[in-house]
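Worksheet: the structure to be examined is printed underneath.
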Amino acid sequence: MISYLKGKILNKGQNFAIVEVGNVGYKVFLNPTALIKLETGKEAELYTHQYVREDALDLYGFKTPEELEFFELLLSISGVGPKSALGVLAIASVGNIKESISRGDPSLLTKVSGIGRKTAERVVLELREKIDGLAYQGKQKAGDGAAVSGEEIDALMALGYSMSQAREALRQVDKKIKDSGERIRQALKKMGR
């Protein structure tokens with residue numbers, strides 16, 4: 001099992017990079033965020049998952065062991081393949097995805113191509129206990145704002161804001177405000193400054 005590669009980036013494609021290790025080139029599939037950070041001709045380190053099927057032998061690469069571990073957790077869910085799992089890691093940080101799952105909110109996962117509402121709900125249901133058991137400490141500090149709901153993010157995104165802008169603005173809203181409509185109005189005021 002190939003679980004780690006360190007070598008020079010020979011070439012980059014739309015969703016993969018060719019990594020030369022000991023005069024052998026490995027095709028490694030990556031999410032777009034990780035792929036952009038790799039520079040052709042420079043050395044890179046990748047933690048990898050070797051995915052074996054009867055018609056293919058694919059490598060999926062990640063910058064951190066945490067991303068690799070989460071990818072493998074996603075693969076354990078029926079209906080989630082490696083391309084969908086990679087898509088999940090492309091929409092938000094592992095911390096934000098874990099936060100969404102631990103809240104029982106599947107809306108973030110439904111934004112991934114290939115993951116419908118039922119599959120997203122299955123992911124949340126099956127991973128919620130596992131994630132809570134990992135004792136994850138998110139970036140959100142105590143008193144840093146109430147939990148951000150997917151519906152609130154969707155509403156702000158419908159108004160033209162990016163997911164990260166919406167999430168950050170909602171985190172700045174006073175945690176005492178529970179009404180979604182008021183939280184959205186406050187977030188809009190914060191972004192209007």
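The values are calculated or read from the model by the stated rules, or taken from the named source; none is laboratory data. Source: prediction; values computed, not measured. Cβ: placed from backbone, ideal geometry, glycine included. Neighbour counts: every protein chain shown.
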Inset, instruction - Give me the pairs, please: first residue somewhere in region 75-88 and more than 17 Å from THR48 (Cβ to Cβ), second residue anywhere and of a type in the set (Gly, Ala, Ser), beta-carbon distance under 9 Å, and either six or more positions apart or on two chains. - result: ILE77/ALA85; GLY79/GLY116; VAL80/GLY114; SER84/SER113; SER84/GLY114; GLY87/SER113; GLY87/GLY114
Inset, instruction - Check whether at least one residue in region 145-160 is at pLDDT 70 or above and part of a loop (DSSP other than H, G, I, E, B), and report yes or no. - result: yes
Inset, instruction - With respect to SER93, determine if the residue is polar (S, T, N, Q) and either modelled with pLDDT of 85 or more or under 28 Å from VAL28 (Cα atoms) (or both). - result: yes
Legend entry - Breaking point among (1) touching a Gly at 6+ places or on another chain (Cβ under 9 Å); (2) in the same structural domain as GLU126 (by TED's automatic domain parsing); (3) over 17 Å from ARG128 (Cβ atoms), for TYR51: (2)
Legend entry - region 96-117, subset of a type in the set (Lys, Arg) and either modelled with pLDDT of 85 or more or not in a loop (DSSP other than H, G, I, E, B) (or both), residue surrounded by the fewest Cβ atoms within 10 Å (Cβ to Cβ): ARG117
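Do the conditions hold for LEU127, that is, is it over 20 Å from ASN31 (Cα atoms), under 15 Å from the mean Cα position of the chain (by Cα), of a type outside the set (Val, Ile, Thr) and modelled with pLDDT of 85 or more?
Details: over 20 Å from ASN31 (Cα atoms): yes; under 15 Å from the mean Cα position of the chain (by Cα): yes; of a type outside the set (Val, Ile, Thr): yes; modelled with pLDDT of 85 or more: yes.
So LEU127 fits the description; yes.
For region 88-113, which residues satisfy the criterion of being under 13 Å from GLU66 (Cβ atoms) and touching a Leu at 6+ places or on another chain (Cβ under 7 Å)?
Let us first name the residues in region 88-113 that are under 13 Å from GLU66 (Cβ atoms), namely 89, 93-98.
Result: ILE97, single match.
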Inset, instruction - Report, ordered by the first and then the second residue, all pairs with beta carbons closer than 8 Å, sequence separation of six or more or different chains, a first member in region 169-185 that is hydroxyl-bearing (Ser, Thr, Tyr), and a second member that is in a loop (DSSP other than H, G, I, E, B) and modelled with pLDDT under 85. - result: SER180/SER149
Inset, instruction - Can you work out which of the residues in region 1-60 that are farther than 21 Å from LYS83 by Cα and aliphatic (A, V, I, L, M) is farthest from the chain's Cα centre (by Cα)? - result: VAL24
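Filter region 30-62 down to the residues that are of a type in the set (Phe, Trp, Tyr) and over 14 Å from GLY7 (Cβ atoms) and list them by number.
So the first thing to find is which residues in region 30-62 are of a type in the set (Phe, Trp, Tyr), and the list is 47, 51, 60, 62.
Matches in region 30-62: TYR51, TYR60, PHE62.
Assess whether GLU69 counts as being touching a residue at least 40 places away in the same chain (Cβ under 8 Å) and either buried (at least 16 other Cβ atoms within 10 Å of the Cβ) or within 30 Å of GLU151 (Cβ to Cβ) (or both).
Working: touching a residue at least 40 places away in the same chain (Cβ under 8 Å): no; either buried (at least 16 other Cβ atoms within 10 Å of the Cβ) or within 30 Å of GLU151 (Cβ to Cβ) (or both): yes.
Taking the combined requirement at face value, the residue does not satisfy it.
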